[in-house]
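Notes for the one structure printed next.
Where a number appears in this text, it was derived from the coordinates with a stated rule and is not lab data. Predicted model, so just to flag it, every value in this text is computed and none were measured. Virtual Cβ from ideal backbone geometry, glycine too; neighbours counted across all protein chains shown.
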Amino acid sequence: MPNDLVCVGIRKAFAGAPALRGVDLCVEAGSFFALVGPSGCGKSTLLRIVGGHEIQDEGTVTLRGVDVSGVPPEKRPVHTVFQQYALFPHLSVEDNVAFPLRMAGVGRRERRARAREALALVRLADHGRRRPATLSGGEKQRVAIARALAQFEGRGDAAPLPRDRAGADGRVAVLSGHARRRRPGWPARAALRR
């Protein structure tokens, strides 16, 4: 299978302190891949660079054979679920999932269908009318994951996912965490950052 996500020679420093030193990473299309390591090793920085939320000092990020190094986040086929889930408290769960689709001009019927499908994928199909304040922390994270999944719409996008497991239905999914041993439900392939 071809590589869907390729990072070559990624370097990033903050105020002169190196966060990433020449990171190379290849993730195959359709795979579920984990990036693990201790706090401060650069996992989140690398994911932010892949998503376009941070600019690397050196190196390239290629998605499906296209260098996206200078492409802004909203134009990349990547959906990031941050550790802070950024759920709107005044919107229902379904409306939170559908919100980016609304901003992208997707019609009401299609965005509702995609939001409901994504909620079903994360086992929250019956939570659509609830407000975020009524959810557990894990349920809030699954709503944020559903929001990212709803934006895929079969485009084969890459989804950097944070610090917990999630499904990506045949697309590339990259997640990060602190675990040193493989946990049930985590991918068989992983990269360890030290």
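Annotations
- Of the chymotrypsin sites (Phe, Trp or Tyr not before Pro) found in segment 6-99, not one falls in a DSSP loop while having at most 11 other beta-carbon atoms within 10 Å.
- Seen from Arg48, the other residues with C-beta closer than 11 Å to its C-beta sum to a net charge of +1, counting Lys and Arg as +1 and Asp and Glu as -1.
- On the basis of the beta-carbon distance and an R0 of 41 Å, Ala15 and Arg102 show a calculated FRET efficiency of 0.60.
- Kirkwood hydrodynamic radius of segment 24-96, Cα pairs, Å: 14.3 Å
- Test item: Cα-centred dipole of segment 1-150, Lys/Arg +1 and Asp/Glu -1 on Cβ, debye: 700 debye
- Taking 7 Å steps out from each Cα toward its Cβ at Phe88 and Asp126 produces label points 2.7 nm apart.
- A straight chain from Thr60 to Glu110 at 0.36 nm per residue would run longer than the Cα-Cα distance by 14.5 nm.
- For segment 1-154, average projected area of the Cα convex hull in nm²: 10.3 nm²
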